Structures are given as structure tokens and as C-alpha cells.
Amino acid sequence: MRRWKPRPAAGLLSVAAGVLALLVIVINTDWPLLRHAIGVFALAVFSIYCGYQRLGASRISLERLGQAVAILTIGPVLAIPIAASAAFISPWLLARRPGRDRLRLAVQRALIAGLLTLLGGLVYAWFRVGPPSEGQIFVYPGALIALTVTLMFAESLLRMLLARQRPAWAELDIHSILVDAFAVIVAILLVVIWAAGSVEILSLFVIVCVASMLQFRNLGTMKSDLEDIVDSRTQHLQEQSEMLEIMTRTDDLTGLHNRRHAQAWLEQAVREAQARGLPLSVAIVDLDDFKGINDEHSHMVGDAVLKRVAKVLQAGCQEGDLVARLGGEEFILCFPGQDQHAAAQICEGMRRTIAQLDLSDIAQGLALTASFGVALVNDGDAGNLLQRADRAQYAAKAGGKNCVSIGHAGVFSPIGG
């Protein structure tokens, strides 16, 4: 998974742009409030920065800390543009997306942050008793609890309302909710200490908070990176396992299924055919005088001939049929839903195609024929079916080769040739 790394220059420019926007918003206010608003904005940006991207999930950050501090210190009205501005610049600060996606993500994050801050501010104002005054934050315990609960669950509830691709309850992220609750509680403690007016305690608390927030980001990033590595290696092992599975059921030379897969497939097909009362036919194919091709031309030529025959057999079968190499110059064909006569007609077409193959590109003067033995499933098992198809194939050989023989109740009727 590719991760976009933060770019310090872009982050500084983004912060500067956000500060200028904030100046425009509060230009008519008094300077102490302006300085306060800038400090809250910086805290909001920093709280967004202190987070990490989870593998296959949304980003976890301490963004609620900045939003809660803004609501509690400068009021819900100014808190909304501050939270929205901080969220708007976050895609450039974090460089989480290619440039073409950042503006869309910035607008989306700003709208969500503004909406959540508005909701939190309204809930806090609703539960608060009396006008705000410095040092009186302790008189609003109900409002603080309501604010904490709102900022904890607001984003999850919003995602649940907008959920389309999966059930709404799947959007309820307990880990994210707990982090948001922790962030709001830290924000309340920060504001309480600020309201108490103790500069020394406030400075110490801020230093501890900043160090802890950075450590939270670092540990979260390490956790995410480890999950990424584990996921990548797990995926690699799964791919290797799938490749090994394919190798265990595939013939290396022709690319067809091998004998092991054919036996398992045929056993399942026989059970289904008998259970449903449907026909199932099997054909054993053997290339005539193939040993002479290997002896006269070489095994390399013989391998090329086997590959060519495999393509003919695949082309002659339909989807749902089985084509596999049993070994050497012998192949097996399975035709679900076809009786022995229909299967024999299909095999006759393949027999003619093989007999008419132009193999001059493989070796000059090379000719090839094949013998087919067809059998229909009865009350026996897959092994019995294969034995009867094999006997039909021997009958085709004994009948002069280059023909299709149908085996039924011990009677073999050749066609073609």
C-alpha cells in the first residue's frame, strides 16, 4: 500500500493560508480575541496532525480536542470557521492524496468538521446555564457531558446515516469513538486549567499534552506500518498458496487440469449426476502410435504435439466440461448433461480435427490420429465409469485406431474412422 509522506513546505504554506483566512474572519474583533483565536486555530491544526491512517479504515486523529477547546473558549460561532479552516488545510498538511484529489477531500473534511462543531456547539449551548464567564466552567457539568457525548458519536452517526454500500451499524467505529472521547476529556481539562489562571500549571500541562499527542501519532503510525507489512506479507503468502494450489491441479506441459484434479472433479460430478438423474459421459482419449513420434522425431516434438492436441480438445468442449491430461499421451473428457451418443458426436468432431492437423511447423511429414472411448455413468462410482471408458478406448484401438468407440453393457460400437 502506497503512503503519501508529509511535505513540510506544503504544511507551512497551508498553515499560513489558514491564519490569513482566520484574520479575515475575525478582523473586526478585538486583538486579545484575535490572538486567542489564532492560538485555538494552531491547536486545531496540531490536533489534526496528531493522528495516523489505519489500514483499510478511516484516519484516527485528536481533531475533537481542537474542536472542543474552540467551543469552550471562544464560543460555538467562531469555533465553526476555525474547525472548518483547520480541516480544510489538512489534506495539504498531511499530503494524504494526490494533488487532483486534495481539493475535493479538503471541502469534504471542512464541511464535516464545521457540521460536527456546529452540532457540538448547539448541544453545549442548550445544556449550559447562564451566560459564559471566565473561570465558571465548573458550573456546566451537564453541558460538558453533553458536549463529550456529542463529539464522541456525531461522526459515527453521520456515517451511519450516509452508509450505502454496507449496513449502517458497520460504520460504528468503537476505536475512533474512544479516541474522540479521550480527546474531548483532555480538551476539557486544558480549558479548566486555563480558566484557573495558573500559567505554570497550564504551561506544564500543555507541554505534557504536546509530547503525548506526538507520541500518540508516532505509535499509531508505527502500528499502521506494521499492519501494512503484515497485510502485504499475508497477501503475498495467499498468492503463493493460490499458485501452489493451481500447480497441484494443473499439468505443467499442456496447462490442462491434471489427473489429481480430474479424479476429484469426476467423483463430484458423478454424485451430482446420480442425485439429479442427469446424464454424464466420459471419454478417454489416447494418441495413436505416439511413442513412434517421440522415437522418430524427439521428445521435444512430442511435447509440442501434446500441446497442440490439448488446444484442440479445449476448443471442442463447452464451458462446464472437463478437459484434463491423465499422463503421457492420454487425456480425459467429461461431458455433464450429455449422454454417450451426444458425447460420441462431440468426440468424433475432435477426432477429425486431430486427424486433419497441419503439424508441418513442428516436424515435416508428421501425421497424428487419436482413439476415443466413451462411457455413460450408471449406478457405479467414478472408478467404474473410468474403467468402462478405458475399455471402450481399448476397443477403438483394437478396431483399427483413429475412431470413437461407445461402451455400453460390454458392447462397443465404433463410429468414424
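Taking the stretch 291-345 as the search range and keeping residues that are closer than 20 Å to Ala264 by Cα and among the charged types (D, E, K, R), which one is surrounded by the most Cβ atoms within 10 Å (Cβ to Cβ)? It comes out as Arg325. Inspect the stretch 235-255 for any residue being touching a residue at least 60 places away in the same chain (Cβ under 8 Å), surrounded by 11 or more Cβ atoms within 10 Å (Cβ to Cβ), more than 30 Å from Val312 (Cβ to Cβ) and out of contact with any Ser or Thr (no Cβ under 6 Å at 6 or more places or on another chain) and give the result as yes or no. No, the conditions are met nowhere in the stretch 235-255.
Residues checked against (1) modelled with pLDDT under 90; (2) within 25 Å of Gln263 (Cα to Cα); (3) crowded, with 16+ Cβ neighbours inside 10 Å:
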| site | (1), (2), (3) |
| --- | --- |
| Cys347 | no, yes, yes |
| Met350 | no, yes, yes |
| Ala370 | no, yes, yes |
| Gly383 | yes, yes, no |
| Gln393 | no, yes, yes |
| Gly407 | yes, yes, yes |
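Among the residues of the stretch 273-287, those that are free of Cβ contacts under 8 Å to residues at least 12 places away in the same chain and either in contact with a helix residue (DSSP H, G or I) (Cβ under 6 Å, 6 or more places away or on another chain) or assigned to a helix (DSSP H, G or I) (or both) comprise Ala275, Arg276.
One residue alone among Glu155, Glu171 is at pLDDT below 75 and surrounded by 12 or more Cβ atoms within 10 Å (Cβ to Cβ), and that residue is Glu171.
Residues are listed down the side, and each one gets a yes or a no for (1) closer than 13 Å to Ser371 by Cα; (2) touching a strand residue (DSSP E or B) at 6+ places or on another chain (Cβ under 6 Å):
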site	(1), (2)
Gln268	no, no
Ser281	no, yes
Phe290	yes, no
His299	no, no
Ala324	no, yes
Gly327	no, no
Phe331	yes, yes
Gly337	no, no
Ala343	no, yes
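Please work out if Arg104 is modelled with pLDDT of 75 or more and assigned to a helix (DSSP H, G or I). Yes, satisfied.
The values are calculated or read from the model by the stated rules, or taken from the named source; none is laboratory data. Please read these numbers as outputs of a predicted model, since none were measured by experiment. Counting neighbours? That spans all protein chains shown, and the Cβs are built from the backbone with ideal geometry, glycine included.
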